[in-house]
1. Given the criterion under 27 Å from ASP193 (Cβ atoms) and in the same structural domain as ILE119 (by TED's automatic domain parsing), identify the matching residue among ILE103, ILE35.
2. Quick one: in the stretch 9-31, of everything that is small (Gly, Ala, Ser) and out of contact with any Leu (no Cβ under 8 Å at 6 or more places or on another chain), which residue is farthest from VAL65 (Cα to Cα)?
3. Of the conditions (1) of a type in the set (D, E, K, R); (2) exposed (fewer than 13 other Cβ atoms within 10 Å of the Cβ); (3) closer than 24 Å to SER182 by Cα, ASP57 clears all except one; give me its number.
4. Checking ALA326 against (1) surrounded by 14 or more Cβ atoms within 10 Å (Cβ to Cβ); (2) touching a Lys or Arg at 6+ places or on another chain (Cβ under 8 Å), which test does it fail?
5. Of these, SER45, SER40, which one is in contact (Cβ under 8 Å) with a residue 12 or more places away in the chain and either closer than 23 Å to SER182 by Cβ or of a type in the set (Val, Ile, Thr) (or both)?
6. Go through the stretch 127-158 and report how many residues are of a type in the set (S, T, N, Q) and surrounded by fewer than 18 Cβ atoms within 10 Å (Cβ to Cβ).
7. With the requirement that a residue be touching a residue at least 60 places away in the same chain (Cβ under 8 Å) and out of contact with any Ser or Thr (no Cβ under 7 Å at 6 or more places or on another chain), what does the stretch 247-260 give you?
Amino acid sequence: MVRVGLVGLGFMGQQHFAIYDALEDAQVVAVCDRIPERVSEQVASVGGNLGEATELDLSAQARYVCFEEMLEAGGFDVVDVCTPTPLHAEMTLRALDAGCHVICEKPMARTLTQCDAMIKAAEEAGRLLFIAQCIRFWPEYEVLARMIADGSLGEIRWARFVRQSPTPAWASEGWLLDPELSGGALLDLHIHDVDFILSVFGKPNAVVSRGMNIASEGAPVDHVETSYLYGDMVVTAQGGWVMPDSFPFEMGFQVLGTRGLLVFSLANDPALQFYPFDGEPMAPEYEAGTGYENELAYFVECIEAGRAPERVTPQSARESVRIVEAEADSIASREMVIIG
C-alpha cells in the first residue's frame, strides 16, 4: 500500500484524492491546504475546466494547514504536490529532503532553474520524482501515440492540436491570471500539447509562435499559436483561455498520415474517429477514462516496484518548460527561435 500525503486541495487536488480513493494499492493518509475550509472533515467541491467536481470526506485523514507540520509528522511514502505553480519547486525540494518520493502537478515549475534544482534534489535524495503531464496518459492521446508508433497512420505529414478554455476565474485568489505566478496560458494550459508533441515527435528544430491578449495592448499573452519545425512534417498547436464564459472547454487534434486521418474532438460523437484512405471511417477501441486516473495508477505502480518512470521523466517535463519558454521568446521577438 502506497501511503500518500496530498498538499493542495483545490480542483486538481480534489481530483487526485478521489482517484487515490478508488485505487486498491494507494491511500491518502494526510492532506494539507493553507485554507482551513479545504481540510475540514467535509469539504465542498472546487470546480475546474475538465472533470467532475468532487466533494470530499476527510474524516479519516490527518489534516494540516502547514506543509512543514505535515512533513514533520510523516507517515507517508509520497508527497503529491497539487498547489499553484510557484510552490512546486519549493515543496518538491522539501518533500525530497524529508525522504519522500514526489508526484508534482504540471507544469513542473515556473522556471528552468527550478526544474534543474528539482531533478538534482531527486537524484541526490535517491527518491522518485513524477511530473503529472496527464495528456500523455489521456486515453485518446494514448491511441494516437500508439498509432504513430506502430505505423497505423503511416508517415505523419501534418498534425494540429488545440486546447481552449474560458478565462480560469475558478483559480484561488486569481493566481492563474497573474503571469508572474502561473506563466500564463502558455505554461499552464498550452504546455499540455507541447509536452505531448515532444513525447511523440521529439524535439523540433525550431518554433515560430504568435500570441495575443484580448484585454489590452501589451498585456500578458493568454492565447498562442505555434508552428513546430520538423523538416517536411507540419505540426501546429493553438491554445489559450480567451474564450467567453459560455464556451465549453475544448481539446483535440487532427493528425494526418499516409494511411489516414485520426481526429479527436470533444464536440464529436464519437469523439475519436479514424478516416483511412483505404476503407470506411472507424472508431478505434480504447478504454474510457481520464489521464488523471491513468497517470496516478502508473506512478503508484512505479513506486511499489521502486522503478523510475519511463513514460514521463523529470527531464522530459523540464524540456516541455524549455520549449514553452522558446515560444514566449518567439512571441516577444516575432522571430523564429532555434531549439539548440
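1. It is ILE103.
2. Our first condition is that a residue be small (Gly, Ala, Ser); within the stretch 9-31, this holds for 10, 13, 18, 22, 26, 30.
Remaining after also requiring out of contact with any Leu (no Cβ under 8 Å at 6 or more places or on another chain): 10, 22.
On the way: GLY10: 13, ALA22: 25 Å.
For the stretch 9-31, the residue satisfying everything is ALA22.
3. (3) is the only condition that ASP57 fails.
4. Just one mismatch for ALA326, condition (2).
5. Values: SER40 fails: either closer than 23 Å to SER182 by Cβ or of a type in the set (Val, Ile, Thr) (or both).
Going through SER45, SER40 in turn, the sole match is SER45.
6. If we filter the stretch 127-158 for residues that are of a type in the set (S, T, N, Q), which is where we start, we get 133, 152.
Cutting the leftovers down to surrounded by fewer than 18 Cβ atoms within 10 Å (Cβ to Cβ) gives us 152.
Qualifying residue count, the stretch 127-158: 1.
7. Looking only at the stretch 247-260, we keep the residues that are touching a residue at least 60 places away in the same chain (Cβ under 8 Å), and these are 247, 249-260.
PHE247, GLU250, MET251, PHE253, GLN254, VAL255, LEU256, GLY257, THR258, GLY260, listed by residue number.
Let's see how each residue does on (1) loosely packed, with under 15 Cβ neighbours inside 10 Å; (2) among the β-branched types (Val, Ile, Thr); (3) assigned to a strand (DSSP E or B):
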| site | (1), (2), (3) |
| --- | --- |
| ALA237 | no, no, yes |
| PHE247 | yes, no, no |
| PHE253 | no, no, yes |
| ASN268 | yes, no, no |
| ASP278 | yes, no, no |
| PHE299 | no, no, no |
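The values are calculated or read from the model by the stated rules, or taken from the named source; none is laboratory data. Computed from a prediction, not measured in an experiment: that's the story for all the values here. Counting neighbours? That spans all protein chains shown, and the Cβs are built from the backbone with ideal geometry, glycine included.
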